[in-house]
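Novice: Following this message is one structure expressed as structure tokens.
Derivation of every value follows stated rules applied to the coordinates shown; laboratory data play no part. Note that the structure is predicted; figures quoted are calculated from it, not measured. So basically every Cβ, Gly included, is an ideal-geometry build from the backbone, and we count neighbours across all protein chains shown.
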Number of protein chains: 6
Amino acid sequence: MTTVALIEYADATGDVLTVYDEIRHARKSDFINNFWKALANNPEQLRRTWDQLKIVMGPGSIDPLTKEMIYIAVSVANSCSYCIHSHTVAARAKGMSTDQHSELLAVIGMASHTNGLVTAMQVATDTEFMVE
Amino acid sequence: MTTVALIEYADATGDVLTVYDEIRHARKSDFINNFWKALANNPEQLRRTWDQLKIVMGPGSIDPLTKEMIYIAVSVANSCSYCIHSHTVAARAKGMSTDQHSELLAVIGMASHTNGLVTAMQVATDTEFMVE
Amino acid sequence: MTTVALIEYADATGDVLTVYDEIRHARKSDFINNFWKALANNPEQLRRTWDQLKIVMGPGSIDPLTKEMIYIAVSVANSCSYCIHSHTVAARAKGMSTDQHSELLAVIGMASHTNGLVTAMQVATDTEFMVE
Amino acid sequence: MTTVALIEYADATGDVLTVYDEIRHARKSDFINNFWKALANNPEQLRRTWDQLKIVMGPGSIDPLTKEMIYIAVSVANSCSYCIHSHTVAARAKGMSTDQHSELLAVIGMASHTNGLVTAMQVATDTEFMVE
Amino acid sequence: MTTVALIEYADATGDVLTVYDEIRHARKSDFINNFWKALANNPEQLRRTWDQLKIVMGPGSIDPLTKEMIYIAVSVANSCSYCIHSHTVAARAKGMSTDQHSELLAVIGMASHTNGLVTAMQVATDTEFMVE
Amino acid sequence: MTTVALIEYADATGDVLTVYDEIRHARKSDFINNFWKALANNPEQLRRTWDQLKIVMGPGSIDPLTKEMIYIAVSVANSCSYCIHSHTVAARAKGMSTDQHSELLAVIGMASHTNGLVTAMQVATDTEFMVE
């Protein structure tokens, strides 16, 4: 259960309503998901987060689908259940195939595995990796 | 400092030597990084990890560079310093541009940010995301 | 579902009953929350944890409300859903306003964000920060 | 070793120089720490992060010192060594006493402890905590 | 809700059916738990994971019950609710007593506690610990 | 670099000296490691932590070596480098063989791997695991 109230679209006013309308417009859908409804308790933070997310997740030198898969990877390692659900849905909406999802899972599993091994063995970074 | 001994190439024998040679051949380089030298204390685990990593990180429906970026994302969230260094080097070797690195960092930062917000607010998963 | 049995007040005896009564007295309420009921399977650990928590979370050079907000911050980063719920309720009971909750969330989000960036870039600690 | 180049003040131009000057002005010091020098590889992200950090960490309903302590708490749980160093220095600069630091450590330790216990026991959230 | 489809035994074919039968045989039970049903979307990964898990969790120089307790410890620190439930059940099936479970919880709590303290204080590793 | 001063044995007085002497006596060694020297800034917390650690890590229904391996597992998942070093040394002092260390690493790696897969797939807990 969410620890803050959810601001529904019908109750939104001012800056919150403006952001909600931008979300609806950008997604071509009336659906506003709970993350935004929760964040709307702080209208300035809602505005900052939405603006920033649009920039960061939009087209660039990494394509939007790849960005969603990276987002899922971080969310898994941070155990954010909501984030995994919402970004898995987003990744599928952007074209992630079942095969790609399987490979994403395999990479996440393997990275978690070797992260654990490396940390347990406290492997010293090779000087060859100090390239900067 | 590594908590296990490092097995150098010159000291490798049997299965360890075989895997070391496969690593050298696959990478077209004599360099064996510390992770493998540490893992070589358990030859069976060295073999399993190398075999699996080749399969998981090889070409498929997700390209190898994208896989490296996903690996970095997991390693950051798991705070694995060695892994971040080694896979950043690997990603660059596979063509990651400075712009792509910047965008990768931005996505990781943004995902960490909203993971924190969502978890702090304990946002309930929208039924719309329950698509399976 | 809890992986251990919950010891209800009506079933408590000996040391468990004594701690339960101390909790009721300290909180001026009959309510014993599930954490204590689960911990009561190990009466000595129940005693140690309650005694320690009273000392650590009590008044000192940091006020109790601030301590609750710090507790929430740690619990979020550790993804402890129960802990986030229980300490958010505790923080409100100690006077956390809606504005303070919003700012707490913003700090947690921002810290998570820059933690991710710093770790991804493996920023070396400035010698200026080595003040001890 | 940082995985990106550090942009020194002497080499900063355009937007990066402007942000650097704002940092110097705000802190009344010529010192620019490595985090900003690393982030400066992406001038837009430097600008967004600095602007946001000023807003989030500035005065509000939670005082700036408390915000620094919350920042430290998150950074500890996320194992961000650089962040712990830099924000401990910042907290001291804002007046954190040795006693307050000790109590902060005690709260972080205790929260980590009960987070572990609660998660291991998978304690179900009391309905009494479902107050929203 | 699982983000991938669950492949039921009745619908399993080819390699998936073979692994399912191996699981049933090894456990002397018809029950296939959801983890395998989810992983079965990628038959090769199902095969690799099952084969590896049998080797790693089987008898060796550490007994199977101890391995289950170590598995629980990692799963708690990674906040994997499913894994905590399934491996707690497995540990009990392998003979974990109520006292052992209590002590396991106490060690996990204590380790989490001192991990937090050490990280917050950024304690430098004693040269005496650099034994390799 | 540690963020608090280290209290050396020669400078210890009162309760700190008493605990230091207990540590030396219990370990039959003059060596006091940095963790205790850092914690000594808060004598009461030093006392509480030492007393608790003795109880939790001492003999019981789980043997001391197994407890050290569980401690290492938690410390790896929490990325506590100091803790991994110190408890690996402690485990060896209590008899951990090279084979046991290898198997411990394999279990940690495998648990991290499946934790990642389960979390990424958000596998629902089987009702069969709801045994309490």
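Novice: Relative to the longest principal axis of the C-alpha atoms of chain A, give the angle of the C-alpha long axis of helix A:14-27, reported between 0 and 90° and rounded to the nearest 10°.
Specialist: Roughly 60 degrees between the two axes.
Novice: Would you mind calculating the relative contact order of chain A from Cα pairs under 8 angstrom and at least 6 residues apart, reporting the percent as a whole number?
Specialist: On the way: 64 pairs, mean separation 21.8, N = 132.
Relative contact order of chain A: 16 percent.
Novice: Please report C:SER86, A:SER29, D:SER79 as a ranked list, fewest other C-beta atoms within 10 angstrom at the top and most at the bottom.
Specialist: A:SER29, D:SER79, C:SER86
Novice: According to the square roots a ≥ b ≥ c of the eigenvalues of the Cα gyration tensor, what is the shape class of the protein assembly as shown, taking rounded for a/c under 1.5, prolate for a/b larger than b/c otherwise, and oblate for the remainder?
Specialist: Verdict is rounded for the protein assembly as shown.
Novice: Quick one: label points 7 angstrom along Cα→Cβ at B:SER97, distances to the other copies in nm, smallest first?
Specialist: Distances between equivalent label points, in nm: 2.5, 4.9, 5.6, 5.6, 6.5.
Novice: In whole Hz, what ³J(HN,Hα) sequence does region B:99-113 give by Karplus (6.51, -1.76, 1.60; θ = phi - 60°), x for Gly and Pro?
Specialist: 5, 5, 4, 4, 6, 4, 4, 5, 5, 4, x, 5, 5, 4, 4
Novice: Please report which chain A residue places its beta carbon nearest the axis carrying chain A onto chain C, with the distance rounded to a whole angstrom.
Specialist: A:SER79, 2
Novice: On to the next question. Name the residue farthest towards the positive end of the dipole of chain D from the options D:ILE62, D:THR119, D:THR13, assuming +1 on Cβ of Lys and Arg, -1 on Cβ of Asp and Glu, about the Cα centre.
Specialist: D:THR13
Novice: I would also like to ask the following. Within 10 Å of each residue's Cβ, count the other Cβ atoms and sort E:LEU65, E:LEU39, C:LEU17 from fewest upward.
Specialist: Going from sparsest to densest Cβ surroundings: C:LEU17, E:LEU65, E:LEU39.
Novice: Averaged over E:1-11, how many beta carbons belonging to a partner chain fall within 10 Å of each residue's beta carbon?
Specialist: 5
Novice: Let me confirm one metric for peptide E:84-91, namely the mean number of other chain beta-carbon atoms within 10 Å of its residues' beta-carbons.
Specialist: That average works out to 6.
Novice: Now a separate question. How far is E:ARG24 from itself in the other copies, in nm, if each label sits 7 Å out from Cα along the Cα-Cβ line, shortest first?
Specialist: Result, one decimal in nm: 4.9, 5.3, 5.3, 6.6, 7.5.
Novice: Of the chymotrypsin sites (Phe, Trp or Tyr not before Pro) in region B:1-108, which ones lie in a loop per DSSP and count no more than 16 other C-beta atoms within 10 Å?
Specialist: Filter output for region B:1-108: B:PHE31.
Novice: So which trypsin sites (Lys or Arg not before Pro) in region E:1-104 pass both tests, a DSSP loop state and at most 11 other Cβ atoms within 10 Å of the Cβ?
Specialist: E:LYS28
Novice: Given R₀ = 22 Å, FRET efficiency for A:ILE55-D:ASP21 by Cβ-Cβ distance, to 0.05?
Specialist: So, using R0 = 22 Å, E works out to roughly 0.40.
Novice: Could you give the dipole magnitude of the protein assembly as shown about its Cα centre, charging the beta-carbon of Lys and Arg +1 and that of Asp and Glu -1, in debye to the nearest 20? Before the final figure, lay out the partial values.
Specialist: Working: 60 positive and 90 negative charges, 0 e Å.
In total the dipole reaches around 0 debye.
Novice: Still on this structure, I have one more. Hey, in the GNM for chain B with a 10 angstrom Cα cutoff, which one of B:GLY109, B:GLY95, B:GLY14 fluctuates hardest?
Specialist: B:GLY14
Novice: Sticking with this structure for a sec: Output wanted: per-residue J couplings in Hz (rounded whole) for region C:71-83, from phi through Karplus 6.51 cos²θ - 1.76 cosθ + 1.60, θ = phi - 60°, x for Gly and Pro.
Specialist: For region C:71-83, the Karplus curve yields 4, 4, 4, 5, 5, 5, 5, 8, 6, 9, 4, 4, 5 Hz.
Novice: Compute a Gaussian network model of chain E, connecting alpha carbons closer than 10 Å, and tell me which residue from E:MET121, E:MET57, E:MET110 fluctuates the most.
Specialist: With Cα springs under 10 Å in chain E, the top fluctuation among E:MET121, E:MET57, E:MET110 is at E:MET121.
Novice: Give me Rg/Rg_expected for chain F, where Rg uses Cα atoms only and Rg_expected = 2.2 N^0.38 Å with N residues.
Specialist: 1.32
Novice: Can you give me the distance in nm between label points at E:MET1 and D:SER97, each placed 7 Å from the Cα along the Cα-to-Cβ direction?
Specialist: 5.4
Novice: Under unit Cβ charges (Lys, Arg +1; Asp, Glu -1), what dipole magnitude, rounded to 20 debye, does region B:59-126 have relative to its Cα centre?
Specialist: Its charge dipole is roughly 200 debye.
Novice: Using the alpha-carbon centroid of each, what span in Å lies between region B:18-44 and region D:54-132?
Specialist: Taking the Cα centre of each part, region B:18-44 and region D:54-132 sit 42 Å apart.
Novice: Running a GNM on chain F with Cα contacts under 10 Å, which residue among F:GLN52, F:GLN100, F:GLN122 ends up with the highest mean-square fluctuation?
Specialist: Between F:GLN52, F:GLN100, F:GLN122, it is F:GLN122 that shows the largest mean-square fluctuation.
Novice: Continuing with the same structure: Positive end of the charge dipole of chain F (Lys, Arg +1 and Asp, Glu -1 on Cβ, about the Cα centre): tell me which of F:ASN33, F:LEU105, F:LEU53 has its Cα farthest that way.
Specialist: F:ASN33
Novice: Using a label point 7 angstrom from Cα along Cα-to-C-beta, what distances in nm, from shortest up, separate C:THR13 from the other copies?
Specialist: Once sorted, the set of distances for C:THR13 reads 5.1, 6.1, 6.1, 6.3, 8.2 nm.
Novice: If you place +1 on the Cβ of every Lys and Arg, -1 on the Cβ of every Asp and Glu, and leave all else neutral, what size is the dipole of chain C about its Cα centre, to the nearest 20 Debye?
Specialist: 320
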